[in-house]
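Read the structure below first, then the notes.
Please treat every number below as a calculation from the coordinates, not as lab data. Please read these numbers as outputs of a predicted model, since none were measured by experiment. Note: ideal-geometry Cβ built from the backbone for every residue, glycine included; neighbour counts use all protein chains shown.
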Amino acid sequence: MIKAVLFDVDGTLISLDIVVEAIQHVCKKRSLRVLTRDEIYAKIIGYPLSVGIRRVLPMSDGEVEAFDKDYIEHYAKYHVSHMLPHVRETIQTLKDRKIKIGIVTTKGRETAAKTIKDLKISHDVIITADDVKHVKPDAEPALKACKTLGVKPEDAVMVGDHVFDVRCARNAGCIAVGVTTGVSSREQLINERADYVFDDIKSVLELV
């Protein structure tokens, strides 16, 4: 019996357009090579920004910190306008059905908390990169969310757009749901052995 649903953020609750826009904005501001959408999708999304950005642009610790600060500032200005369709209604319906809601993200705690607050999304726990030793695709974030919520992993659904979300769910023993609203294609999510793949987040309601 499903007792909890865990959601990724970027590409699942919020369009990746704002992520690409914010990264490109900071590249221009700091006179760096402006990364393409394909580069951002392939090399950065799915990782904490401080890790992902170094996969494509050589930077010192100080430069990474400054980049991250500028990124958060730009992202925070516009993220609400990039919320994907049916997100708030779906989560509220789950809450009405007494399903616990977790947010599991590679964002830092401060950014994640502000994002979820600004989106006015009802939730019971947020697990961020600052709360774990190993981020997705490791099982730790999902397992910590389940433990905090007081549910068994097999009674939880994890929803995300990235193959890392599917791997995290499977590693933790959760039901893995991929959504095609972000970086990974339907084929990629199926190849990662997602239990379900949906084109719209509201389809999650079919499972509870």
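What the table shows:
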| read-out | value |
| --- | --- |
| Evaluation of MET59 against (1) loosely packed, with under 15 Cβ neighbours inside 10 Å; (2) farther than 20 Å from ILE18 by Cβ; (3) not polar (S, T, N, Q) (one fails), failing number | (1) |
| Pairs where the first residue, in region 88-111, is under 14 Å from GLU206 (Cα atoms) and touching a residue at least 24 places away in the same chain (Cβ under 8 Å) and the second is surrounded by 14 or more Cβ atoms within 10 Å (Cβ to Cβ) and of a type in the set (Phe, Trp, Tyr), C-beta under 9 Å, 6+ apart | ILE91/PHE7 |
| Condition broken by GLU187, with the remaining ones in (1) surrounded by fewer than 16 Cβ atoms within 10 Å (Cβ to Cβ); (2) touching a Cys at 6+ places or on another chain (Cβ under 7 Å) satisfied | (2) |
| Residues located in region 1-23, provided they are part of a helix (DSSP H, G or I) and either over 21 Å from ILE116 (Cα atoms) or touching a His at 6+ places or on another chain (Cβ under 8 Å) (or both) | ASP17, ILE18, GLU21, ALA22 |
| Region 24-42 - residue that is hydrophobic (A, V, I, L, M, F, W, C) and assigned to a loop (DSSP other than H, G, I, E, B) and, of those, surrounded by the fewest Cβ atoms within 10 Å (Cβ to Cβ) | VAL34 |
| Selection count, region 1-23, where residues are over 14 Å from the mean Cα position of the chain (by Cα) and buried (at least 24 other Cβ atoms within 10 Å of the Cβ) | 2 |
| THR90 among the β-branched types (Val, Ile, Thr) and either loosely packed, with under 13 Cβ neighbours inside 10 Å or in contact with a Leu (Cβ under 7 Å, 6 or more places away or on another chain) (or both) | yes |
